[in-house]
Amino acid sequence: MFNDIRSAVRALRPGGLATVVAVLSLAIGVGANAAIFRKFGGRFVVRAGKFECPEGTARSRNVVIEFPDYASALACYRSPEYQANIKVRQPHATADIIVIEGYDGPQP
């Protein structure tokens, strides 16, 4: 395992220490966010994975999180814990965060 970590760091070397710090910051943020989402009843429905964007603009990573209700999703986003993690993420990643009320009506 140590050799794998060393190889990964060597691959990042052109970006220098800033790249390593960015990767570690993002990794810590993802783990911390999972705990925050769980606190508000959130669960990952989509977390990265294979995707195709047949229309519009795509991101390299897509995440969909389901919450028990609209209010819980907003409470999670507005929580002090999540707001602190935003400050960690912002220098390293661009995000479009949208809170949408769910639909439980008839399906096609």
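Okay, here's what the table says:
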{"read-out": "Every residue from segment 59-81 that is under 15 Å from the mean Cα position of the chain (by Cα), among the aliphatic types (A, V, I, L, M) and farther than 18 Å from A32 by Cα", "value": "none"}
{"read-out": "Criterion (surrounded by 10 or more Cβ atoms within 10 Å (Cβ to Cβ), modelled with pLDDT of 60 or more and assigned to a loop (DSSP other than H, G, I, E, B)) met by exactly one of A58, A34", "value": "A58"}
{"read-out": "Residue in segment 82-97 that is farthest from the chain's Cα centre (by Cα), counting only those that are surrounded by 14 or more Cβ atoms within 10 Å (Cβ to Cβ) and outside any helix (DSSP H, G or I)", "value": "H92"}
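The values are calculated or read from the model by the stated rules, or taken from the named source; none is laboratory data. Because the structure is predicted, anything quoted here is derived from the model rather than measured. For neighbour counting, all protein chains shown are included, and Cβ atoms are generated from backbone atoms with ideal geometry for every residue, glycine included.
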